[in-house]
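In what follows, a single structure is set out as structure tokens and then discussed.
Read the figures in this text as sums done on the coordinates, not as results from a lab. This is a predicted model, so every value here is computed, not measured.
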Amino acid sequence: MVKFLKRAVLLVLLLVLLGAAVLFYALKVEPYRLKIDHLTFSSGLTQELRVVQVSDIQISEHYTIRNLEQLVDRVNQQNPDLFLFTGDLYEVYNTYHQDEDLIRILSRIQAPYGKFAIWGNRDRGGGAVRTYESIMEQSGFQILCNEGVTVTLESGDTVFLAGLDDALLGEPNIDGVLADVPAQQPGYSILMTHEPDTADLYEDLGFDLILAGHSHGGQVSLPFLPHITTSMVRKYLDGLYPLNDQTTLYVHSGIGTSRYPIRLGVVPEIAVFDMKPAAE
């Protein structure tokens, strides 16, 4: 009986230690890791193009300016031609913001064909709506809100890049985007929308790639445990989803955290897309 009790106590202690270790990792380690996800797509371009996407930075007391500096260093190491941010800069602007430092750091991102962003729900709420556009523009970004731009590459090829307003707190209008579609077929086309489940609305419009965020990949991904999901993240959670023969959706798993400052099994990512000429 004594041996059984000792073994039971030891087992309980081991389980407590294991639980504490997992909790420490989920709170203090994984949220600050970074992985690079590389994907290659065939395109109608005659030159290679590297597009880097980041989403849901969620600056807060948990993911600070210092963490952002490390993120920007890693982004620049990828040598992006185009840099795209798919929304949610701050977690809750009214409780934590450092605008001047943020502008200084985001300005360091280098992308010769431009830096572009869209609105996320956090950018429309929590007080951020007053400053988000100014912060991004001062950092060298162009915000695309129900509009598109044609980017001309060194080869003369063109990329049509479009962005929609946030679907939860904004007023997305695809007609504004379609009005900007160039008469001449671009070599590649990208649509940015913050909430991934909205992609079904746009899958038949002829875009090559739809980029979204918002989901954080569920933040926790372990067997038998539910993901932390939110509005408009029921169908598309994380990663690559072929929508049809032409259009692919990519859902970025985000950088920061929301609601709970934990990540477990969903490492923050930088997504790197290499668009290759079809002949290669």
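Computed 3J(HN,Hα) for the range 82-88, one whole-Hz value per residue from the Karplus formula 6.51 cos²θ - 1.76 cosθ + 1.60 where θ = phi - 60°, is 10, 10, 10, 10, 9, x, 6, glycine and proline marked x.
Around the amide H of residue 165, modelled in the peptide plane, lie the amide H atoms of 146, 173, all under 5 Å away and 5 or more residues distant in sequence or on another chain. 3J(HN,Hα) couplings calculated from phi for the range 152-163 with the Karplus curve 6.51 cos²θ - 1.76 cosθ + 1.60 (θ = phi - 60°) are, in sequence order, 9, 8, 4, 6, x, 4, 10, 10, 8, 10, 10, x Hz; Gly and Pro show x.
Rounded to the nearest 5, the antiparallel percentage of DSSP beta bridges internal to the range 141-203 is 55%.
Across the range 236-243, rounded Karplus estimates of 3J(HN,Hα) from the backbone phi angles (6.51 cos²θ - 1.76 cosθ + 1.60, θ = phi - 60°) give 10, 9, 6, x, 9, 9, x, 8 Hz, Gly and Pro being marked x. For P(r) over Cα pairs in 10 Å bins from 0, in percent, several values are listed as (1) 6, 26, 30, 24, 12, 2; (2) 6, 26, 29, 20, 11, 6, 2, 0; (3) 7, 29, 34, 18, 6, 4, 2, 1, 0; flag the one computed from this structure. Among (1) 6, 26, 30, 24, 12, 2; (2) 6, 26, 29, 20, 11, 6, 2, 0; (3) 7, 29, 34, 18, 6, 4, 2, 1, 0, the one calculated here is (3). Compared with the direct C-alpha span, the chain from residue 34 to residue 204 gains 57.9 nm at full extension, assuming 0.36 nm per residue. For the cross-link pairs 35/276; 28/235; 6/28, the ones whose C-alpha atoms lie over 24 Å apart are 28/235; 6/28. Helices in the chain that qualify as membrane-span-like (whole DSSP H runs, Cα extent of at least 20 Å along the helix axis, mean Kyte-Doolittle hydropathy of -1.0 or higher) are 2-24. The relative contact order of the range 153-214 comes to 35 percent, based on Cα pairs under 8 Å that sit 6 or more residues apart.
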